[in-house]
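A.B. asks: First, the structure itself, so that you have it in front of you.
The values are calculated or read from the model by the stated rules, or taken from the named source; none is laboratory data. For clarity, every value in this text was computed on a predicted model and none was experimentally measured. Glycine also receives a Cβ, built like all others from the backbone with ideal geometry; neighbour counts cover every protein chain displayed.
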Amino acid sequence: MADASAQSRLNREVGLVGAMMMGLGSIIGTGVFVSIGIAAGVTGPSVILAIIVGGFVATFNGLSSAQLAANHPVSGGTYEYGYRWLNPALGFTAGWMFLCAKSASAATAALGFSGYALNLFELDPSTLTAPVAVGVVVVMTLLVLGGIKRSNWTNIAIVSLTLASLAYFILAGMPTAMKNGTENLSPFFQPNDLRRAFSGFFEACALMFVAYTGYGRIATLGEEVVNPRYTIPRAMIITLVVTSMLYAAVGVIGIASSGSKLLADATTEKAAPLVVVAREFDSVTAEKVIAVGAVTAMLGVLLNLILGLSRVALAMGRRGDLPHALGRLNQSQSTPTVAVTVVGTGIALLSLIGDVKTTWSFSAFTVLVYYALTNLAAIQLSAEERLFPKFIPWLGLISCLSLAFWVEPYIWIAGVALIAGGLVFQFIMRQLARRGS
């Protein structure tokens, strides 16, 4: 008879293509359709450079995540790595930050979906944005409850549509970008005040880094990936290369075509910046094609975030850092039903905020803390466990800590308070577990 731990393990059903598409589905969505507009409002045309900086930081962190996941392929990501290579307090902090960060990212994706969908059907976003966002969270949560196979095939279809729409955006926007580029790309750094330009640029780098972090979904699904030591690093590297090239191209076309102010204003007012940019193109179909691509992209991000968040909640429930009910699987051993339901409920509540900049900025701080701990764990790997040079996680750690506190002060103060509150919660859960044993 199988032991309890074996009975609570998920089946390995995701190969290289599935893992790569899962990573692309997690990244290519909110990052390209919403966050570029948010970052453009902070730093102007230099958001193009911020995209590149964010990509480099993401690469360091992705390689650290890949070698950790290859050595310890279980659900939970850095939460599990922290326990194995650091200590329980840091492991818990990583899991707690992941839940906070990615719940905020998922709410941003739901709000982004709502903004683009309402624009597509020419409905008023001022009153319907939050209700539509909550509705789509409910639908995607029900889909994830159906199991990883169904979710994976849905994700592949979504990613394919999204990539096609973005390729169309780049091609259709090229003539307009070439015509307006000189005017819209100058001055490159904004505002003109040097100190504000400096802080704005690094805040934009932090915001754009978050746009890449969906690759971590590959690691958090490590328990379900076939041949993880081979599959996970390759899937992450391919995902990051494709995403970096795509983001840079979209950023250049978007800013050069219409300017950073239009892009930023469209993000704040309608949460649909690329649709507004596409209206400047000569193509009469560009606006609709981008809207459809954005809607599918947000669905992909939301789907993958619910998957990743539920797997971390599953791991934390197994260990007793969260209620044990979260660590239970359904009868077929394919879905952590309670964890998925709780995660979906939390995202729906965050979606009621209705402000993409607030949810995305909060995600930036918390996810940078999370990946700082990822790199700290990767530094502890032995020579036999390490897949990449030791300077890689050191660069990742320094980059994350350097960017984390460039977001607005009220955001990182709230983040620090959440860390403290989470550690208190962990202490209470441990005390209750000891009394019950």
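A.B. asks: Here is a list of conditions, (1) farther than 27 Å from LEU303 by Cα; (2) part of a helix (DSSP H, G or I); (3) free of Cβ contacts under 8 Å to residues at least 24 places away in the same chain, and LEU349 meets all of them except one; can you say which number that is?
C.D. replies: (1)
A.B. asks: Just checking: which of the helices (runs of 4 or more DSSP H) contained wholly in the stretch 82-191 hold 3 or more residues that are within 19 Å of the chain's Cα centre (by Cα) and under 30 Å from ALA383 (Cα atoms)? Don't jump to the end; show me each part of the working.
C.D. replies: Numbers: elements: 88-120, 125-144, 148-184.
Output list reads 88-120.
A.B. asks: So, one more: Take the residues in the stretch 300-328 that are assigned to a loop (DSSP other than H, G, I, E, B) and surrounded by fewer than 19 Cβ atoms within 10 Å (Cβ to Cβ); name whichever of them is modelled with the highest pLDDT.
C.D. replies: From the stretch 300-328, those assigned to a loop (DSSP other than H, G, I, E, B) are 320-323, 328; that's our starting set.
Add one more test, that the residue is surrounded by fewer than 19 Cβ atoms within 10 Å (Cβ to Cβ), and what stays is 320, 323, 328.
Working: GLY320: 84, PRO323: 87, ARG328: 82.
Among them, the one singled out is PRO323.
A.B. asks: Please find, within the stretch 390-437, the residue that is nearest to GLY55 (Cα to Cα) out of those that are assigned to a helix (DSSP H, G or I) and basic (Lys, Arg). Full working, then the answer.
C.D. replies: First, the residues of the stretch 390-437 that are assigned to a helix (DSSP H, G or I): 391-404, 409-436.
Now narrow it down to the ones that are basic (Lys, Arg): 430, 434-435.
Values: ARG430: 38, ARG434: 44, ARG435: 47 Å.
Looking at residues that are assigned to a helix (DSSP H, G or I) and basic (Lys, Arg), I get ARG430.
A.B. asks: Something else: Give, as residue ranges, the helices (runs of 4 or more DSSP H) completely inside the stretch 1-43 that count at least 3 residues that are at pLDDT below 80.
C.D. replies: Values: elements: 4-7, 16-27, 36-43.
The helices (runs of 4 or more DSSP H) meeting that bar are 4-7, 16-27.
A.B. asks: Tell me which residues, restricted to the stretch 216-240, are at pLDDT 75 or above, touching a Leu at 6+ places or on another chain (Cβ under 7 Å) and not β-branched (Val, Ile, Thr).
C.D. replies: PRO233, ARG234, ALA235
A.B. asks: Continuing with the same structure: Output yes when any residue across the stretch 281-289 is of a type in the set (Lys, Arg) and over 28 Å from ILE170 (Cβ atoms), and no when none is. Walk me through it before giving the result.
C.D. replies: To start, the set of residues in the stretch 281-289 that are of a type in the set (Lys, Arg) comprises 288.
Adding the requirement that they be over 28 Å from ILE170 (Cβ atoms) leaves none.
No, that holds for no residue.
A.B. asks: I've got another one for you. Among the residues of the stretch 61-88, write down those that are among the aliphatic types (A, V, I, L, M) and either modelled with pLDDT under 90 or closer than 14 Å to VAL225 by Cβ (or both). Talk me through it step by step, then tell me what you get.
C.D. replies: Of the stretch 61-88, the ones among the aliphatic types (A, V, I, L, M) are 63, 66, 68-70, 74, 86.
Once the filter is applied, which keeps residues that are among the aliphatic types (A, V, I, L, M) and either modelled with pLDDT under 90 or closer than 14 Å to VAL225 by Cβ (or both), the stretch 61-88 yields LEU63, ALA66, LEU68, ALA69, ALA70, VAL74.
A.B. asks: Follow-up. Could you tell me which numbered condition SER64 fails, if it satisfies all but one of (1) without any contact (Cβ under 8 Å) to a residue 60 or more places away in the chain; (2) touching a Ser or Thr at 6+ places or on another chain (Cβ under 7 Å)?
C.D. replies: (1)
A.B. asks: To continue, here is another question. Might you let me know whether the stretch 365-384 holds any residue that is farther than 30 Å from ILE38 by Cα, buried (at least 23 other Cβ atoms within 10 Å of the Cβ) and touching a residue at least 60 places away in the same chain (Cβ under 8 Å)? Break it down into steps so the answer makes sense when it comes.
C.D. replies: Of the residues in the stretch 365-384, the ones farther than 30 Å from ILE38 by Cα are 377-384.
Okay, now just the ones that are also buried (at least 23 other Cβ atoms within 10 Å of the Cβ), so 377-378.
Next, only the ones that are touching a residue at least 60 places away in the same chain (Cβ under 8 Å) stay: 377-378.
Yes, there is a match, as at least one residue in the stretch 365-384 is farther than 30 Å from ILE38 by Cα, buried (at least 23 other Cβ atoms within 10 Å of the Cβ) and touching a residue at least 60 places away in the same chain (Cβ under 8 Å).
A.B. asks: Still on this structure, please answer the following. Testing GLY354 on (1) assigned to a helix (DSSP H, G or I); (2) small (Gly, Ala, Ser); (3) modelled with pLDDT under 90, one condition comes back false. Which one is that?
C.D. replies: (1)
A.B. asks: Please go through the stretch 241-287 and give me each residue that is among the basic types (Lys, Arg), assigned to a helix (DSSP H, G or I) and modelled with pLDDT of 80 or more, ordered by number.
C.D. replies: Restricting attention to the stretch 241-287, the residues satisfying the condition of being among the basic types (Lys, Arg) are 261, 270, 279.
Cutting the leftovers down to assigned to a helix (DSSP H, G or I) gives us 261, 270.
Residue satisfying the conditions is LYS261 alone.
A.B. asks: Take the residues of the stretch 232-269 that are surrounded by fewer than 20 Cβ atoms within 10 Å (Cβ to Cβ) and not hydrophobic (A, V, I, L, M, F, W, C): which is nearest to the chain's Cα centre (by Cα)?
C.D. replies: SER244
A.B. asks: So if I check each of THR335, THR267, which one is closer than 24 Å to TYR212 by Cβ and among the hydroxyl-bearing types (Ser, Thr, Tyr)? Give the derivation first.
C.D. replies: Numbers: THR335 fails: closer than 24 Å to TYR212 by Cβ.
Answer to the check: THR267.
A.B. asks: Which of (1) at pLDDT 90 or above; (2) out of contact with any Lys or Arg (no Cβ under 8 Å at 6 or more places or on another chain) is the odd one out, the single condition ILE379 does not satisfy?
C.D. replies: (2)
A.B. asks: Next question. Taking the stretch 132-152 only, how many residues are buried (at least 21 other Cβ atoms within 10 Å of the Cβ), at pLDDT 85 or above and not β-branched (Val, Ile, Thr)?
C.D. replies: Count: 2.
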